[in-house]
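All remarks here apply to the structure that follows.
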Amino acid sequence: MHKLTLSILLVNTLIFSTACQNNPNSGRDIGIVVGSILGGVAGAQIGDSSIFAGAALGGALGAIGGSELQRRKEALEAAELQRQYEYEQEVQAQESLEADIKNLEEKRIRDEIARNATTADVSAAEQEAARVEAQLAAKKKSYEESQARARRIQDAQERIAKAQQELTELERQENGG
């Protein structure tokens, strides 16, 4: 009788525990299951009549303990979400600060140039810009001309290859082939 009752209790506990997997009160339910098993085993050690009392007491204590563990788990998860949110806010603030620093540095450089630049400096900068632009235009023209020459060479090579094929075909026909 003792082993039969314990076996039934274990089977019922397993069935109950699989039903609790998607339950929001799973900590409490797992505590009930584990507490009932342990209480039933402890009650069985005392005597057959104590199995159910031990299971009931163990289930009640397990429910309390499981609920507390579930509450702590949820509190830790909430704290982790809060830390993640705060971290993302800090990253955004850091990126904004870096952008502000970059803008201020660019403005400082412009202001420094504006304070110290003379008409001769402006004229020299404009002349340098014109020289670099002219150099760029010459390079572009040279590049375009070289690309045009390359296309003409490729076209000529294609015409040569076609003419050689036609010549080979004519020679083959002349030789009776």
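From the list E98, E86, which one is closer than 30 Å to G27 by Cα and free of Cβ contacts under 8 Å to residues at least 24 places away in the same chain? After applying the criteria, what remains is E86.
Quick grid of which residues meet (1) of a type outside the set (A, V, I, L, M, F, W, C); (2) modelled with pLDDT under 95; (3) loosely packed, with under 10 Cβ neighbours inside 10 Å:
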residue	(1), (2), (3)
D111	yes, yes, no
A114	no, yes, yes
T118	yes, yes, yes
D121	yes, yes, no
A129	no, no, no
A138	no, no, no
Y143	yes, no, no
A156	no, no, no
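In the stretch 50-78, the residues that are among the β-branched types (V, I, T) reach residues that are exposed (fewer than 15 other Cβ atoms within 10 Å of the Cβ) with C-beta atoms within less than 9 angstrom, at least six apart or across chains, in these pairs: I51/H2.
Here is a yes/no grid of residues against (1) in a helix (DSSP H, G or I); (2) small (G, A, S); (3) loosely packed, with under 11 Cβ neighbours inside 10 Å; (4) at pLDDT below 80:
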residue	(1), (2), (3), (4)
G27	yes, yes, no, yes
S50	yes, yes, no, yes
A55	yes, yes, no, yes
L61	yes, no, no, yes
S67	yes, yes, no, no
E74	yes, no, no, no
Q82	yes, no, yes, no
E86	yes, no, yes, no
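The values are calculated or read from the model by the stated rules, or taken from the named source; none is laboratory data. Here the structure is a predicted model, which means the values were calculated and not measured. Quick reminder, even Gly has a Cβ in these numbers, built from the backbone with ideal geometry, and neighbours come from all protein chains shown.
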